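Notes follow once the structure below has been shown.
The values are calculated or read from the model by the stated rules, or taken from the named source; none is laboratory data. Please read all numbers here as calculations on a predicted model, not as lab measurements. As a convention, Cβ positions derive from the backbone with ideal geometry for all residues, glycine included, and neighbour counts pool all protein chains shown. Heavy atoms of the whole protein, side chains included, go into the accessibility calculation; ligands, DNA and RNA do not. Shrake-Rupley method; radii C 1.70, N 1.55, O 1.52, S 1.80 Å.
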Amino acid sequence: MEIDILSEDENSMLHRTDVQFEIVHDDATPSRLSVRDSLAAKINKDSDEVVVHKLDTKFGMRKTIGYAKVYESPQSARQVEQDYMLERNKIEIEPENEDSAAEGA
């Protein structure tokens with residue numbers, strides 16, 4: 001699997017970079033997690049800082065166009081992204097403040 005970055009747009013207000021990329025693959029469309037890990041390695045980031053939003057493969061093609069958001073930290077990703085996107089990308093969702101929940105009980 002070979003990843004080429006097509007464009008990067010800085011979004012400083014949300015502490016992230018929006019990345020469009022192209023993947024050339026020999027077999028079936030790669031999984032979201034393998035794409036996330038490969039993209040993170042290519043741009044020298046931790047996997048928990050990369051959220052893959054879209055993978056689009058045309059029928060019969062060995063090329064996939066994708067869109068991901070690369071955050072400055074895993075905490076930034078957890079603050080901005082919706083829970084279902086974090087779950088799809090296997091990024092652990094931090095529990096609500098457990099100490100305050102225990103005090104109220």
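Roughly how many Å is it from the Cα centre of segment 41-84 to that of segment 12-28, as a whole number?
6 Å
Just the accessible area per residue of segment 2-89, please: how many Å² with a 1.4 Å probe?
Normalised by residue count, the accessible surface of segment 2-89 is 58 Å².
As a check on your grasp of the helix formula, calculate [θ] at 222 nm for the chain: sum -39500 (n - 2.57) over DSSP H runs of n ≥ 4, divide by the residue count, round to the nearest 500.
-8000 deg cm²/dmol
Relative contact order of the chain, please, whole-number percent, based on alpha carbon pairs below 8 angstrom and at least 6 residues apart.
25 percent.
Testing the spin-label approximation: label points 7 Å from Cα along Cα→Cβ at ALA41 and TYR84. State their distance in nm.
The answer from the label model is 3.1 nm.
Report the Rg/Rh value for segment 34-79, based on alpha-carbon coordinates and the Kirkwood definition of Rh.
So for segment 34-79, dividing Rg by the Kirkwood Rh gives 1.05.
Hey, can you rank 35-42, 82-89 by average C-beta count inside 10 Å, highest first?
Top of the packing list down: 35-42, 82-89.
Can you send over the carbon and sulfur percentage of the accessible area for the chain, probe radius 1.4 Å, protein chains only? If you can, show how the numbers build up before the last one.
Values: 3030 of 6790 Å².
Reported share for carbon and sulfur atoms: 45 percent.
Ranked by accessible surface with a 1.4 Å probe, highest first, in what order do HIS53, HIS25 come?
Correct descending sequence by accessible area is HIS53, HIS25.
What number in nm² do you get for the chain if you take the convex hull of its Cα atoms and divide its surface by four?
7.8 nm²
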